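The values are calculated or read from the model by the stated rules, or taken from the named source; none is laboratory data. These numbers were taken from a predicted model, which means no experiment stands behind them. As a convention, Cβ positions derive from the backbone with ideal geometry for all residues, glycine included, and neighbour counts pool all protein chains shown.
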Amino acid sequence: METTVARTHRRRSNRTASGVAVALLTLVLAAVALSWGSVSVPIDAVLRILWSHISGTQPDTSSTWATIILQIRLPRIVLATLTGATLAVAGAVYQAIFRNPLADPYLIGVSSGASLGATLAILFVWKLSWGGMSAISLSAFAFAMGTTFLVYAIARVGTRTSTTMLILAGVAMSALLSAATTFLMLTRQNAFQTVRVLGWIMGSLALASWGDVAAILPYVAVGGVTIAIFAYRLNVLQLGEEQAHVLGVPVEFSRVLLIGAASLVTAAAVSVSGVIGFVGLVVPHVVRMIWGPDHRFLLPMAALLGALLMILADALSRTLIAPSEIPIGVVTACVGVPFFLYLLRRQRKEVF
Amino acid sequence: MDAAPTLLEMRNLSLSYGDHMVIRDISLQVCAGEFVSLVGPNGAGKSTLLRAAVGLIRPVAGEVLLFGRPLEEWNRRKLAQKLTLLPQHAPVPELYTVEETVRLGRTPFLGFWGTAGSRDRGVIEKTISDFELRDLAECRMGELSGGEFQRTVLARAFAQEPELLLVDEPTAYLDIHHQISTLHRLHNSAHRDGKAVLAVLHDLNLASTFSDRIILIADGRVLRDGDPETVLFSPEFARIYGSSVRILQSPDTPRRPLVLPGLPETDGATNDGIRPQARD
């Protein structure tokens, strides 16, 4: 009766091999990115500096190089890895929970909250710090989490939360907070501060330090482990509330937990890196198109690919027009969009 | 039939969406080995009833008993190992393969991280071959025809190995061949495997042909509950469907009447013999 066999026998890509390959590629790229920059350090010197640092011996290279690698470039690359992985994973979680291919980690207002927080800290020169976070990061983080809670509270009716309500409340809240941010920038009329705010909003890792890494690591770890544990449940939740319920999954609890975890890691990433777009939207799609939608593989793969893209984007952002820097969000878009569009065209049919 | 255990029982159930009462004081039972159809006009509350049976809607009054125990006493995962609901539109992400989709039906039996035991793998394998999905196993859901898609979704429900199957319009959008093969599978699962099936059906002929019992619902109440012949020839049925249908005895399937469209009134046809005849 049916025209079947012709379309079948899809080649099963060897997932483990792909995972290892991408991981190795990321490591190589990280090493190359360490050697790139206004001061060029040869790769072998980079490796020797890293090795002597790990083994605790005295490096046989210039100590200036060691400082550049260990104190400036390495924290930057580690932070790029963390934020790239975080945004990609959070994007995958949001897309599954909201069952919406347009969902990204900023869907329910994390970015606009963080932007307002950072803007306030910059414009009013707030001086506070806690747990290794600067005033800007701290304020951005607090506002991002606050916005998420507020949006969630608005969307909650009784004991249930509709995903449509969440999206709409998130979009509305984002519009309000963005308006507030713009208003603040315009009224302060301080060109220097305005440029700083804009630079922050476009995303940058220029000021990355080991302090930033240490500050966000606990949040990223807690959120990341939670998401990893619930990876299979995301597969079930993607079938919709009704089917997930019928398959024995506590829908509301899982949703709250996963949205909370994804928002937490996003807020942490955004607070130190600014609003870096695109990674969280597109990396999950790329992984899904190439390796399929099973979150037990999709999430770790998205983390790897997100890290890879971010390391690359950061390396380009600080080298292309050195000594100036291009905002990293601009680079992620320029690198990622053509690749994504190519995949999209090639795929033609199902993308989600 | 009396000896078969009652798998689903609704006692004086009332359901509402907000202030709008959808179901008023309904009582019904479905036993093991039975294929029961829910029929009635659009908006009668049939789908709502199915949703309440799995706990998606909390009753305003009355209670739902599943396998002899009140719904709220059930652990959700344990219940999912015995009961499933196949909604009219079962969304499946397009990128899932047929095999992955069927596998998701095993969720209530799998480990937390979705790890399948040997029994689970056996059931998945068997379901895929039972539903003739072997050749399609690696196809993505977005590539399937309507019939293949529906078959996969039904296979997913069967992979769950439910004792009680609630299905909402399983034949919608299917051609006649697929409608009948779908109902054959459901009918077999009741009569051969001893499961209980409660199906919302709009096609009254299919309901008449496959059901052991038909429950007629309108305005949130059970109007009639009985074998196809009793229900289709009942005055309640005539009141709901009026002259829009004609009920005829079928020459080759006794006790399973045929339902035909009513004749247009303007072409001079008399109403003699085409009115549904009240039996009691």
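Screening residue A:221 on (1) out of contact with any strand residue (DSSP E or B) (no Cβ under 7 Å at 6 or more places or on another chain); (2) at pLDDT below 95 shows it passes everything except condition (2).
Within the range A:235-271, the residues that satisfy the criterion of being hydroxyl-bearing (Ser, Thr, Tyr) and either on the phi > 0 side of the Ramachandran plot or more than 14 Å from chain B (Cβ to nearest Cβ) (or both) are A:263, A:266, A:271. For residue B:46, the conditions (1) within 14 Å of another protein chain (Cβ to nearest Cβ); (2) under 19 Å from residue A:242 (Cβ atoms) all hold with the exception of (1).
Would a scan of the range A:145-166 turn up a residue that is within 14 Å of chain B (Cβ to nearest Cβ), within 20 Å of the chain's Cα centre (by Cα) and not polar (S, T, N, Q)? No, because not a single residue in the range A:145-166 is within 14 Å of chain B (Cβ to nearest Cβ), within 20 Å of the chain's Cα centre (by Cα) and not polar (S, T, N, Q).
Every residue, every condition in (1) assigned to a helix (DSSP H, G or I); (2) under 17 Å from residue A:105 (Cβ atoms), yes or no:
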site	(1), (2)
A:283	yes, yes
A:290	yes, no
A:298	yes, yes
A:307	yes, yes
A:310	yes, yes
A:313	yes, yes
A:326	no, no
A:329	yes, yes
A:335	yes, no
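Scanning the range B:119-136 for residues that are under 24 Å from residue B:81 (Cβ atoms) and under 26 Å from the mean Cα position of the chain (by Cα) turns up B:120, B:123, B:124, B:125, B:126, B:127, B:128, B:129, B:130, B:131, B:133.
Screening the range B:1-55 for strands (runs of 3 or more DSSP E) wholly inside it with 2 or more residues that are at negative phi, of a type outside the set (A, V, I, L, M) and surrounded by 19 or more Cβ atoms within 10 Å (Cβ to Cβ) returns the ranges B:35-39.
When the range B:83-110 is filtered for residues that are part of a loop (DSSP other than H, G, I, E, B) and either more than 7 Å from chain A (Cβ to nearest Cβ) or of a type in the set (Asp, Glu) (or both), the ones remaining, listed by number, are B:88, B:89, B:94, B:105, B:106, B:110. Within the range A:272-289, is even one residue touching a strand residue (DSSP E or B) at 6+ places or on another chain (Cβ under 9 Å) and either buried (at least 20 other Cβ atoms within 10 Å of the Cβ) or within 13 Å of another protein chain (Cβ to nearest Cβ) (or both)? Looking for residues that are touching a strand residue (DSSP E or B) at 6+ places or on another chain (Cβ under 9 Å) and either buried (at least 20 other Cβ atoms within 10 Å of the Cβ) or within 13 Å of another protein chain (Cβ to nearest Cβ) (or both), one finds at least one in the range A:272-289, hence yes.
For the range B:72-85, the count of residues that are in contact with a Ser or Thr (Cβ under 8 Å, 6 or more places away or on another chain) and among the aliphatic types (A, V, I, L, M) is at least one.
If you go through the range A:137-179 and pick out every residue that is in contact (Cβ under 8 Å) with a residue 40 or more places away in the chain and either of a type in the set (Phe, Trp, Tyr) or in contact with a strand residue (DSSP E or B) (Cβ under 8 Å, 6 or more places away or on another chain) (or both), you end up with 3. For the range B:103-122, name all the residues that are β-branched (Val, Ile, Thr) and at pLDDT below 95. B:115 - this is the single residue of the range B:103-122 that is β-branched (Val, Ile, Thr) and at pLDDT below 95. The sole residue among A:185, A:173 that is surrounded by 16 or more Cβ atoms within 10 Å (Cβ to Cβ), at pLDDT 90 or above and either part of a helix (DSSP H, G or I) or acidic (Asp, Glu) (or both) is A:173. Considering the range A:25-47, the residues that are modelled with pLDDT under 85 and surrounded by fewer than 16 Cβ atoms within 10 Å (Cβ to Cβ) include one that is nearest to the chain's Cα centre (by Cα), namely A:38. Taking the criterion of being of a type outside the set (Gly, Ala, Ser) and under 32 Å from the mean Cα position of the chain (by Cα), the residues of the range A:48-69 that qualify are A:48, A:49, A:50, A:51, A:53, A:54, A:64, A:65, A:67, A:68, A:69. From the list A:244, A:208, the lone residue that is under 21 Å from the mean Cα position of the chain (by Cα) and either in contact (Cβ under 8 Å) with a residue 60 or more places away in the chain or closer than 30 Å to residue B:78 by Cβ (or both) is A:208. Name the single residue that is surrounded by the fewest Cβ atoms within 10 Å (Cβ to Cβ) among those in the range A:48-67 being among the aliphatic types (A, V, I, L, M) and in contact with a Ser or Thr (Cβ under 9 Å, 6 or more places away or on another chain). Ranking the qualifying residues of the range A:48-67, first place goes to A:66.
Looking only at residues that are of a type in the set (S, T, N, Q) and either part of a loop (DSSP other than H, G, I, E, B) or over 20 Å from residue A:265 (Cβ atoms) (or both) in the range A:190-234, which one is farthest from the other protein chains (Cβ to nearest Cβ)?
A:190
What are the pairs with Cβ atoms under 7 angstrom where one residue, in the range B:102-123, is assigned by TED's automatic domain parsing to the domain that holds residue B:151 and the other, located anywhere, is acidic (Asp, Glu)? Sequence gap at least six, or different chains. Matching pairs, first to second residue: B:106/B:120; B:109/B:120; B:110/B:120; B:123/B:161. Quick one: is residue B:189 among the small types (Gly, Ala, Ser) and in contact with a Pro (Cβ under 7 Å, 6 or more places away or on another chain)? For residue B:189, the condition - among the small types (Gly, Ala, Ser) and in contact with a Pro (Cβ under 7 Å, 6 or more places away or on another chain) - is not met.
Would you say residue A:303 is surrounded by 18 or more Cβ atoms within 10 Å (Cβ to Cβ), more than 14 Å from chain B (Cβ to nearest Cβ), more than 18 Å from residue A:86 (Cβ to Cβ) and hydrophobic (A, V, I, L, M, F, W, C)? It is false that residue A:303 is surrounded by 18 or more Cβ atoms within 10 Å (Cβ to Cβ), more than 14 Å from chain B (Cβ to nearest Cβ), more than 18 Å from residue A:86 (Cβ to Cβ) and hydrophobic (A, V, I, L, M, F, W, C). Each residue in the range B:111-166 was checked for being under 27 Å from residue B:31 (Cα atoms) and either in a loop (DSSP other than H, G, I, E, B) or at the interface with another protein chain (Cβ under 8 Å from one of its Cβ atoms) (or both), and 5 pass.
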